[in-house]
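Report on the following structure.
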Amino acid sequence: MYRRTMLAVLSAAVLALGGVSDLGARADDKAPAKEGHKEGMHGEYHKCAKACADCMMACESCAHHCAMMMNKGEKSHLMSMAMCADCGDMCALAAKVVARHGPTAMAVCDACAKTCDMCAKSCEEFPKDEHMMHCAKACHDCAKACREMMKHADHDHKGA
């Protein structure tokens, strides 16, 4: 658990400190696109990486919330706790790979979007729990951002 928490904190810190900005223009940058890149492509990668990092944090928090609910005897949170932990890990991986425009970004984003769909569905089984609904929304936002990035990505581009 400590290793996963540290990974989450480090991933969030890298993104918060601008780890994505040196690899691609931010969505609000007015600088022209670099040669070999479609205009706005860096923006799609950035939006996706940020949504993945945000979702990772929401899932880690929700997994903790589910653990606390389990501790109170709410056994129904067992599956959502496991799903949130897996989703948090997948989102952390996706945030890192997408931020660096890695060659596996498309495959990782596809897996991330599917994992987020599953996690959102699991969290939505608790519609009266605000924490679970926050996580479900973050998962929906992440899945959407991953799919948008994949839709707009230059399939001929090989990473760098």
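The values are calculated or read from the model by the stated rules, or taken from the named source; none is laboratory data. Nothing here was measured: the structure is a model prediction, and the numbers come from that model. Ideal geometry is used to build each Cβ from the backbone, glycine not excepted, and the neighbour counts take in all protein chains shown.
Going by the structure shown, is Cys66 of a type outside the set (D, E, K, R) and within 23 Å of Arg147 (Cβ to Cβ)? So Cys66 does not fit the description; no.
Only residues that are touching a residue at least 60 places away in the same chain (Cβ under 8 Å) and either crowded, with 23+ Cβ neighbours inside 10 Å or part of a helix (DSSP H, G or I) (or both) were counted across the range 82-133, and they come to 15. Only one of the numbered conditions (1) over 18 Å from Ser61 (Cα atoms); (2) in contact with an Asp or Glu (Cβ under 8 Å, 6 or more places away or on another chain); (3) at pLDDT 95 or above is not met by Lys144, and that is (2).
Going by the conditions given, is Met68 assigned to a helix (DSSP H, G or I) and either touching a helix residue (DSSP H, G or I) at 6+ places or on another chain (Cβ under 7 Å) or within 17 Å of Lys121 (Cα to Cα) (or both)?
On the way: assigned to a helix (DSSP H, G or I): yes; either touching a helix residue (DSSP H, G or I) at 6+ places or on another chain (Cβ under 7 Å) or within 17 Å of Lys121 (Cα to Cα) (or both): no.
No.
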